[in-house]
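The block underneath contains the structure these notes are about, expressed in structure tokens.
The values are calculated or read from the model by the stated rules, or taken from the named source; none is laboratory data. Remember, it's a predicted structure, so these values are computed and weren't measured experimentally. Please note: Cβ atoms are built from the backbone with ideal geometry, for glycine as well, and neighbour counts cover all protein chains shown.
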Amino acid sequence: MTTTLTLIQPDDWHLHLRDGDALRAVVGATAQQFARAIVMPNLKPPVVNTAQAQAYRERIKQALAQAHQAGEIDDRAAAFEPLMTLYLTDNTSADEIRRAKASGLVHGVKLYPAGATTNSDAGVSDIRRTMSALEAMQEVGMPLLIHGEVTDSEIDLFDREAVFIDQVLDPLRRQLPGLRVVFEHITTSQAALYVRDASVGDSAGAIAATITAHHLLYNRNAIFKGGVRPHWYCLPVLKRETHRLALLEAATGGNSRFFLGTDSAPHATRLKEHASGCAGCYTAPHAIELYATAFAAMDRLDQLEGFASLFGPAFYGLPVNTSRVTLARESWEIPQSLPFPGDSITPLAAGETMQWKLVA
Ligand code: NCD
Ligand code: ZN
């Protein structure tokens, strides 16, 4: 049996880092594992222009430097590179897209349908309002990162991703065949098959999807096992087992359209364990171990490096990392809680035993 696994250092292509003290509390966990991460712009207020993205990047770098100085992270982690994104609104202009592209710091623009998830109130009310921005993105090759759920409260929560494909995503791709699209944190077999089989509109248009570790490891039963378990609640919500199996097949099958995005989304424990608990799973501290567990269960650990370290840079047109990480087969217990400003934070699967550990 494999006892260690060395990989080109992975990147996280979908991450929430928050801001201020919360940022300071969580950034080190990601930096210890990943060389780079696509940082989501859903702050309060959201990151809507290049100047704000630049300033946010500086705050992330500053928080990293503080963590390094405090001895919380090593030298490799101190070199972590945040890849910034903008939050698409009804008012995003074509000029802002061109500025973002020219900055070299902004790597994608995120579409949140208004009201779909945490801090998405300023999101897009109707995709038709964003056409000039989307056309500029197609023109300059700026990827559109999509939270793919409809927000219509009449549509069953578990069906919102599949309905989004038919109502929004597919028509959009037909209208803008050169637009580069990442279907973020896919959760259904419909999404996996759509991305696998989608034809590429023209030479520039391409589609990819990120997949979280929790959607590979758990189905919706996890939310209700022995009582309501809010730490397993995220959006898009976990789906039934058939969908999990389709995602596993997609992630471990060596198809470069699928790559790693944790969607690690930190919320204070008290706000998760709440009458109206926040959506989001905190997986940053043990992300690559969670993915290794999923790939090992499929006996496809040999496919982890492509998914975690090669396919993302290829899509985003960035160099592959030169650093390496090593995982060992080793039992350890996920902490019950970790420090977080004013409270604690509860990592996903807190208290459970992992069989893989990042050791170098
Ligand atoms: C994310 C968050 O908390 O920012 N929550 C989540 O459940 N994934 C937002 C998001 O990505 O939908
Ligand atoms: Zn997210």
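Answer with yes or no whether Ser132 is among the polar types (S, T, N, Q) and at pLDDT below 95. Against the criterion (among the polar types (S, T, N, Q) and at pLDDT below 95), Ser132 does not qualify. Of everything listed in (1) away from ligand 2 (no atom under 15 Å from the Cβ); (2) within 12 Å of the chain's Cα centre (by Cα), the single unmet condition for Ala31 is (2). When residues in the range 31-67 are screened for being polar (S, T, N, Q) and either within 14 Å of ligand 1 (Cβ to nearest atom) or within 21 Å of Ala114 (Cβ to Cβ) (or both), 3 of them pass. Tally time: how many residues in the range 182-202 are of a type in the set (Val, Ile, Thr) and within 16 Å of ligand 1 (Cβ to nearest atom)? Summing the residues that are of a type in the set (Val, Ile, Thr) and within 16 Å of ligand 1 (Cβ to nearest atom) in the range 182-202 gives 4. Within the range 226-242, can you find the residues that are under 20 Å from the mean Cα position of the chain (by Cα) and more than 10 Å from ligand 1 (Cβ to nearest atom)? The answer is Pro230, His231, Trp232, Leu238, Lys239. Across the range 39-71, the qualifying residues are those that are more than 20 Å from Pro143 (Cα to Cα) and polar (S, T, N, Q), and the one among them that is surrounded by the fewest Cβ atoms within 10 Å (Cβ to Cβ) is Gln69. Here Ala287 meets the list (1) exposed (fewer than 14 other Cβ atoms within 10 Å of the Cβ); (2) under 21 Å from the mean Cα position of the chain (by Cα) almost entirely, failing just condition (1). Residues that are charged (D, E, K, R) and assigned to a helix (DSSP H, G or I) were ranked within the range 114-135; the one that is surrounded by the most Cβ atoms within 10 Å (Cβ to Cβ) is Glu135. In the range 250-264, the residues that are over 18 Å from Ala198 (Cβ atoms) and within 16 Å of ligand 2 (Cβ to nearest atom) reach residues that are aromatic (Phe, Trp, Tyr) and in a loop (DSSP other than H, G, I, E, B) with C-beta atoms within less than 7 angstrom, at least six apart or across chains, in these pairs: Ser264/Tyr282.
When the strands (runs of 3 or more DSSP E) confined to the range 179-271 are screened for residues that are modelled with pLDDT of 95 or more, of a type in the set (Phe, Trp, Tyr) and under 22 Å from Met40 (Cα atoms), those reaching at least 1 such residues are found at 181-183, 258-260. Restricting the first member to the range 301-316 and to residues that are on the phi > 0 side of the Ramachandran plot, and the second to residues that are surrounded by 19 or more Cβ atoms within 10 Å (Cβ to Cβ), no beta-carbon pair is closer than 8 Å while six or more apart or on different chains. The one condition from (1) free of Cβ contacts under 8 Å to residues at least 40 places away in the same chain; (2) among the aliphatic types (A, V, I, L, M); (3) within 14 Å of ligand 1 (Cβ to nearest atom) that Ile211 does not meet is (1).
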